[in-house]
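The values are calculated or read from the model by the stated rules, or taken from the named source; none is laboratory data. None of the values given here were measured: they were computed from a predicted structure. Cβ placement follows ideal geometry from the backbone for every residue including glycine, while neighbour counts extend to all protein chains displayed.
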Amino acid sequence: MAGELVRQRWQPSGRTVEGMRIVIAGGHGQIALRLERLLAARGDEVAGIIRKAEQADDLREAGAEPVVLDLESASVEEVAERLRGADAAVFAAGAGPGSGAARKDTVDKAAAILFADAAVRAGVRRFLIVSSMGADAGHEGDEVFDVYLRAKGEADAYVRSLDALDWTILRPGALTDDAGKGLVRLEAHTGRGSVPRDDVAAVLAELVDMPATSGLTLELISGSAPVSVAVKSVAGN
């Protein structure tokens, strides 16, 4: 049913008219909270999956419905149950900068794969994953950051293999807490650079209901193009 809703409501070029239901994994993350505010403000119904019940009030304040579920221990069916009826799923979870190599594998890789499998089972076709510039399944090295880039790359490769998903992979450059300017560079290859989390969230909000970006892996840094123009450009509009 969710896939049918997507086909009915999305247009090849342009935005949806009615609100969507969007489920975000890693709902308490810095990018996710920003995204939830943007989506809720424009009339979408947003749910954020969180690991700790005490994070729920922050999601409610952002306009999102908190869903407490640990993606490191949940089954595919448990996650799929939370995704049923959604029009889109966004994986924005991450183990975080203070975590060790083990959690890069259990969150940045395994949880992303679990979420993608659950989206397939729930019939949710539109799928976005927040990856990282430099992510590469073949990345070598044993330092924590090496493991992180490899985990992200392996998750990306798995998502690309799923024909049942209309996926878009977003790979931001170095993240900053600077105020977003709404000016970005969004291309298959941008070169190194930084980007405010505000602008990453703004790009995700545009991408989520832009199905013409399905099948694309996009790098994102600050630039000179307004967010909506940058997204339409990669979508071929």
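All told, ALA155 falls short of being exposed (fewer than 15 other Cβ atoms within 10 Å of the Cβ) and touching a strand residue (DSSP E or B) at 6+ places or on another chain (Cβ under 8 Å).
Could you check how many residues of the stretch 48-104 are in a strand (DSSP E or B) and among the small types (Gly, Ala, Ser)? Quick ask: steps written out before the conclusion?
First, pick out the residues of the stretch 48-104 that are in a strand (DSSP E or B): 48-50, 65-68, 88-91.
Cutting the leftovers down to among the small types (Gly, Ala, Ser) gives us 48, 88-89.
Adding up the residues that qualify gives 3.
Filtered by the rule that a residue be modelled with pLDDT of 95 or more, surrounded by fewer than 17 Cβ atoms within 10 Å (Cβ to Cβ) and aliphatic (A, V, I, L, M), the stretch 15-56 gives ALA41, ALA53. All of (1) of a type in the set (Ser, Thr, Tyr); (2) in contact with a helix residue (DSSP H, G or I) (Cβ under 9 Å, 6 or more places away or on another chain); (3) free of Cβ contacts under 8 Å to residues at least 40 places away in the same chain hold for SER194 with one exception: (2).
Among the residues of the stretch 113-137, none is identified as among the polar types (S, T, N, Q) and either closer than 9 Å to LEU165 by Cα or part of a strand (DSSP E or B) (or both). Every listed requirement among (1) out of contact with any Phe, Trp or Tyr (no Cβ under 9 Å at 6 or more places or on another chain); (2) of a type outside the set (A, V, I, L, M, F, W, C); (3) part of a loop (DSSP other than H, G, I, E, B) is met by TYR148 save one, (3). Can you report the number of residues in the stretch 207-226 which are buried (at least 23 other Cβ atoms within 10 Å of the Cβ) and in a helix (DSSP H, G or I)? Residues in the stretch 207-226 being buried (at least 23 other Cβ atoms within 10 Å of the Cβ) and in a helix (DSSP H, G or I): 2 in total.
Each row is one residue, and each column tells you yes or no for (1) within 15 Å of the chain's Cα centre (by Cα); (2) closer than 19 Å to ILE129 by Cα.
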residue	(1), (2)
LEU59	no, no
GLU77	no, no
VAL90	yes, yes
ALA95	yes, yes
GLY100	no, no
ARG103	no, yes
ASP108	yes, yes
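Looking at ARG197, ARG185 in this structure, which one is closer than 27 Å to VAL23 by Cβ, basic (Lys, Arg) and modelled with pLDDT of 95 or more? None of the others qualify; the one that does is ARG197. On inspection, ALA135 qualifies as without any contact (Cβ under 8 Å) to a residue 60 or more places away in the chain, over 14 Å from the mean Cα position of the chain (by Cα) and surrounded by 21 or more Cβ atoms within 10 Å (Cβ to Cβ).
Is the stretch 173-185 home to any residue that is touching a Gly at 6+ places or on another chain (Cβ under 8 Å), in a strand (DSSP E or B) and not aliphatic (A, V, I, L, M)?
Going residue by residue through the stretch 173-185, those that are touching a Gly at 6+ places or on another chain (Cβ under 8 Å) are 173-174, 183-185.
Of the ones still in play, those that are also in a strand (DSSP E or B) are 174, 183-185.
Next, only the ones that are not aliphatic (A, V, I, L, M) stay: 185.
Yes.
Residues in the stretch 117-126 that are among the hydrophobic types (A, V, I, L, M, F, W, C) and surrounded by fewer than 24 Cβ atoms within 10 Å (Cβ to Cβ): VAL120, ALA122.
Here ALA151 fulfils each of the conditions (1) within 15 Å of the chain's Cα centre (by Cα); (2) within 23 Å of ILE49 (Cβ to Cβ); (3) among the aliphatic types (A, V, I, L, M); (4) modelled with pLDDT of 90 or more apart from (1). Consider the stretch 172-206 and keep the residues that are of a type in the set (D, E, K, R) and closer than 22 Å to ILE24 by Cβ. The one that is surrounded by the fewest Cβ atoms within 10 Å (Cβ to Cβ) is ASP177. Restricting attention to the stretch 57-96, report how many residues are in contact (Cβ under 8 Å) with a residue 40 or more places away in the chain, farther than 21 Å from VAL159 by Cα and surrounded by 22 or more Cβ atoms within 10 Å (Cβ to Cβ). So the answer is 1.
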